[in-house]
Ligand SMILES: Cc1ncc(COP(=O)(O)O)c(C=O)c1O
């Protein structure tokens, strides 16, 4: 797709970026519009339209129009990707996505032979690559092979599945747990399976995409409340509760873009008063919050039964791949028989189940990893704040954003950091609103004080050099 960025002689860099960004946003919106809206785009040679009020088109024109609907390069999402790539290329920015690590990525990594301090992996407790975790995975391969080759419901479990599910239930003090092959699919399948069109699902506005997809699948009515705004949640439920059968409230243990967390005891009080169910996504809080890494429940000293659906992923602190739901036995049994992502999908690969089981054992045996992770995050946050870097509402628990406020500048900043030996991912519009485009730092318990000093001082330097 050809895309001309305005040439803007005589403008300051900042204003130029802003105009370019606005031009990009306009192009992106246009790419997403129904094809009839392309009519005004003089750069499009042919204007396909299915609008009923347009002049009747000939058979040849109609078939040409339909042909466009069969072309992958005309799909709105693909056109948007091309616009973003084109824009970045013209600005001289390299693609910040799909960078390749040469080997294991923890607090440090190597890319194309270049050693880097790494802040772009969720290896919070440095257990991915731990010799004990690797050995457990290797042993599981030797015993079970690499795949269970079918759905567990029809083809059978392996003892390693039961051991992992029991360990998760024990960790929470719940009755049972079930593991899915993907964290994302866990949310989609669980929410999609449990709720329906007579139900209401209310969620924090910053909830993860996987929960949103699950809600869409369920057909329930969806309403969001402002981030961590408990009065808004309370009044929303006061207005809406009576019109629905089941009501589910969804929050996260730690929010993945901002590194802050909900006042869970308040949410529990609200959900009880309104006779709602509560689901907590602990993708980023397990292994990170609480003295021994048992998550937000430990942090607030709550009962397992205070939350109806505990969800988490195995891909972050637990060094594997997949997700879990834990809670009452009836909930788990329901999901095991009916959740499509469990019933119609292969069971978890044995080496992955074994890796997460071993990582869980390491976390329990070595809670000092969690303590160091927390101290490291706190140090990073304090230093960044002292250097005047906007870190939003981050609490320093594993995730610390450096807000830039422009996707172009965030991409440039990440590039500059990379040149200085620091790997950090920019988060850009439309993943976040343009005004909160950012770099996002994930902490590891293996980051050293020197890593933090080097990084924050490079960051402060580059903020200045780029005029952010
Ligand atoms: C809050 C949250 N929930 C669910 C997921 C999906 O987990 P996974 O990447 O393990 O599929 C993520 C992924 O980062 C997440 O941040």
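Brief remarks follow.
- Any hit, region 4-24, residues being under 13 Å from residue 79 (Cα atoms), surrounded by 14 or more Cβ atoms within 10 Å (Cβ to Cβ) and modelled with pLDDT of 55 or more: yes
- Residue 173 out of contact with any helix residue (DSSP H, G or I) (no Cβ under 8 Å at 6 or more places or on another chain), in contact (Cβ under 8 Å) with a residue 12 or more places away in the chain and away from the ligand (no atom under 16 Å from the Cβ): no
- Matching entry among 189, 151 (being away from the ligand (no atom under 16 Å from the Cβ), in contact (Cβ under 8 Å) with a residue 40 or more places away in the chain and under 23 Å from residue 214 (Cβ atoms)): 151
- Set side by side, the residues 212, 116, 164 differ, and just one is in a helix (DSSP H, G or I) and closer than 30 Å to residue 376 by Cα, which is 164.
- Hits in region 192-209 - residues which are under 20 Å from residue 334 (Cα atoms), more than 16 Å from the ligand (Cβ to nearest atom) and touching a helix residue (DSSP H, G or I) at 6+ places or on another chain (Cβ under 9 Å): 193, 194, 195, 196, 197, 199, 200
- No other residue among 345, 349, 315, 356 is out of contact with any strand residue (DSSP E or B) (no Cβ under 9 Å at 6 or more places or on another chain) and within 15 Å of the ligand (Cβ to nearest atom) apart from 349.
- Some residue of region 95-106 being part of a helix (DSSP H, G or I) and under 20 Å from residue 313 (Cα atoms): no
- Test: residue in region 84-106 that is farther than 30 Å from residue 30 by Cα and either within 16 Å of the ligand (Cβ to nearest atom) or modelled with pLDDT under 95 (or both): yes
- Checked against the criterion of being surrounded by 15 or more Cβ atoms within 10 Å (Cβ to Cβ), within 16 Å of the ligand (Cβ to nearest atom) and within 30 Å of residue 359 (Cα to Cα), the candidates 127, 116 yield just one match: 127.
- Within region 192-215, the set of residues being free of Cβ contacts under 8 Å to residues at least 60 places away in the same chain and over 29 Å from residue 353 (Cβ atoms) comprises 196, 197, 198, 199, 200, 201, 203, 204, 205, 206.
- Breaking point among (1) touching a helix residue (DSSP H, G or I) at 6+ places or on another chain (Cβ under 9 Å); (2) modelled with pLDDT of 70 or more, for residue 46: (2)
- Flag for residue 280 being without any contact (Cβ under 8 Å) to a residue 40 or more places away in the chain, in contact with a helix residue (DSSP H, G or I) (Cβ under 9 Å, 6 or more places away or on another chain), within 16 Å of the ligand (Cβ to nearest atom) and farther than 19 Å from residue 348 by Cα: yes
- Unique match (being crowded, with 20+ Cβ neighbours inside 10 Å and assigned to a loop (DSSP other than H, G, I, E, B)) among 377, 392, 396, 388: 396
- Set side by side, the residues 238, 256 differ, and just one is closer than 21 Å to residue 401 by Cα, surrounded by fewer than 24 Cβ atoms within 10 Å (Cβ to Cβ) and either at pLDDT 95 or above or within 13 Å of the ligand (Cβ to nearest atom) (or both), which is 256.
- Unique residue being away from the ligand (no atom under 16 Å from the Cβ) and within 30 Å of residue 275 (Cβ to Cβ) when the list is 413, 338, 373: 338
The values are calculated or read from the model by the stated rules, or taken from the named source; none is laboratory data. Bear in mind the structure is a predicted one, so any value in this text is a computation, not a measurement. Please note: Cβ atoms are built from the backbone with ideal geometry, for glycine as well, and neighbour counts cover all protein chains shown.
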